[in-house]
């Protein structure tokens with residue numbers, strides 16, 4: 001019998017365990033599911049701020065004279081729009097326009113990029129890119145994941161928690177930019193990005209210093225900063241309408257179907273998946289990812305079958321679903337036939353044998369008020 | 001921690017017995033395992049339940065679990081307040097009853113765990 005490989009641990013693993021966090025296996029990693037409870041953590045991020053360990057995420061670096069050309073071929077979005085110090089949501093696509101992964105591209109220097117990728121996809125993404133850049137020219141790719149711990153401070157009070165620890169002027173940093181500097185006397189990179197629908201920062205530090213920065217942040221944030229686990233990260237991202245790889249997007253769903261045409265550089269040159277996506281954009285697709293809320297009690301969980309109202313024959317599947325702490329509603333995402341996918345349209349979800357009525361609503365479910 | 005007045009099951013339900021009737025809930029251990037409870041699906045009054053078999057489901061943000069009957073009986077009351085406040089199962093697990101039943105096989109109670117036996121079970 002093959003034993004599953006042991007779970008990987010982030011540099012903060014013993015901190016999570018010592019703090020009494022409930023742990024869970026996620027993408028091959030031993031991660032905190034919750035500290036004080038998903039609902040409490042979720043609400044803390046919406047009202048003040050939360051601190052997440054997301055060191056399981058992967059970091060791939062691409063460098064060389066032809067690094068930009070390689071990225072333009074590999075990634076969906078137009079990386080030429082990035083100045084050094086800017087970041088961009090993008091994706092690796094197959095020739096069919098489906099997702100190898102979704103990721104954030106950081107332009108470190110004109111010829112040097114950092115890609116933050118999903119934990120479960122690090123090796124796959126690296127192999128995918130390494131095979132395809134061989135012919136491009138002067139470019140190398142490196143898996144630098146073990147050189148970074150990644151902490152995320154998210155919520156309206158995020159700046160107040162982080163600013164006292166760094167000389168980087170956070171107020172002058174627009175969303176999706178980053179700066180190198182020190183944080184709690186540790187050299188690192190601070191990026192105004194996140195996965196919660198709130199303002200916030202993702203902080204790259206050396207793994208050896210992660211615990212020190214974690215503790216310094218908690219002390220600096222005080223009552224306004226709550227340690228959070230992956231459970232709240234999932235409910236927060238779902239409320240914000242953000243797709244999760246492995247649930248809402250994968251190698252069977254395209255960027256157009258997933259409603260992510262906005263991360264496709266339609267006007268840039270050729271890239272992997274471009275042809276398939278252009279056909280889909282011109283002709284339309286038979287299905288698309290839609291947000292919904294349940295009209296009856298229950299939670300529509302990933303994999304549950306979807307039916308037209310009062311009709312037999314599955315027409316789709318739920319990809320994500322939860323009860324949202326902020327909205328007190330049961331929400332989710334599902335791939336639906338176009339005819340059933342317009343806001344207001346109703347359909348049924350089979351919740352363990354019980355037909356439960358759902359209604360399509362626009363995403364995001366939650367949008368923060370602009371400050 | 002676990003009130004001595006209650007009887008317990010290995011499936012982490014409790015029974016609060018009064019004569020031939022009993023209220024049923026889930027234990028503190030169960031609510032901790034579940035995390036934040038958001039929805040409880042319970043049978044209607046009049047439903048017959050059977051010891052060891054599922055009589056409903058309890059959902060938290062992360063998971064859905066079956067509820068197993070500690071005894072056989074007929075449902076005589078359902079705690080309607082849980083519809084509005086399912087989180088009271090987390091806040092007060094041993095005070096938040098789910099259903100009340102009229103026992104049809106009272107000798108089943110003899111096979112349930114007492115508080116100290118249950119405490120040993122969840123400690124190990």
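Taken together, the values in this text are just the output of simple stated rules run on the coordinates, not laboratory data. Worth saying up front: this structure is predicted, and the values here are computed from it rather than measured. Cβ atoms come from the backbone with ideal geometry, glycine included; neighbour counts cover every protein chain shown.
Summary of values
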item: FRET efficiency, 1/(1 + (r/R0)^6) with R0 30 Å, evaluated for residue A:18 and residue A:187 via beta carbons; result: 0.70
item: Of A:307, A:148, A:106, the one that fluctuates the most in a GNM where chain A has Cα springs shorter than 10 Å; result: A:307
item: Exposure proxy ranking, count of Cβ atoms within 10 Å, fewest first, for A:198, A:41, A:346, A:61; result: A:346, A:61, A:198, A:41
item: Alpha-carbon centroid distance for the pair the stretch A:195-256 / the stretch B:81-124, whole angstrom; result: 36
item: Residue-span extension gain [residue A:3 to residue A:65] - 0.36 nm each, minus C-alpha spacing; result: 18.0 nm
item: Separation of the residue A:142 and residue A:314 label points, Cα + 7 Å toward Cβ, nm; result: 4.5
item: Among A:186, A:306, A:360, residue whose mean-square fluctuation peaks in a GNM of chain A (springs only between Cα atoms under 10 Å); result: A:186
item: Gaussian network model of chain A, springs between alpha carbon atoms under 10 Å - residue of A:17, A:354, A:47 with greatest fluctuation; result: A:354
item: MRE, 222 nm, helices only [DSSP H, n ≥ 4, -39500 (n - 2.57), over the protein assembly as shown, to nearest 500]; result: -5500 deg cm²/dmol
item: Point-to-point label distance, residue A:346-residue B:92, nm (Cα→Cβ direction, 7 Å offset); result: 3.6
item: The stretch A:1-152: relative contact order in percent, alpha carbon pairs under 8 Å with at least 6 residues between; result: 26
item: Spacing of the two label points (7 Å from each Cα toward its C-beta) at residue A:80 and residue A:180, in nm; result: 2.7
item: Residues listed by number, the stretch A:46-82, amide nitrogen under 20 Å from residue A:130 label point at 7 Å toward C-beta; result: A:57-68, A:70-75
item: Inter-centroid distance (Cα atoms) of the stretch A:1-32 relative to the stretch A:272-322, Å; result: 32
item: Tensor-based shape of chain B (alpha-carbon gyration tensor, a/c under 1.5 rounded, otherwise prolate or oblate); result: oblate
item: Shape of the protein assembly as shown, Cα gyration tensor, a/c cut at 1.5; result: prolate
item: FRET efficiency, residue B:64 to residue B:120 (Cβ-Cβ, R0 45 Å, nearest 0.05); result: 0.95
item: Alpha-carbon centroids, the stretch B:20-40 and the stretch A:326-347: separation in whole Å; result: 31
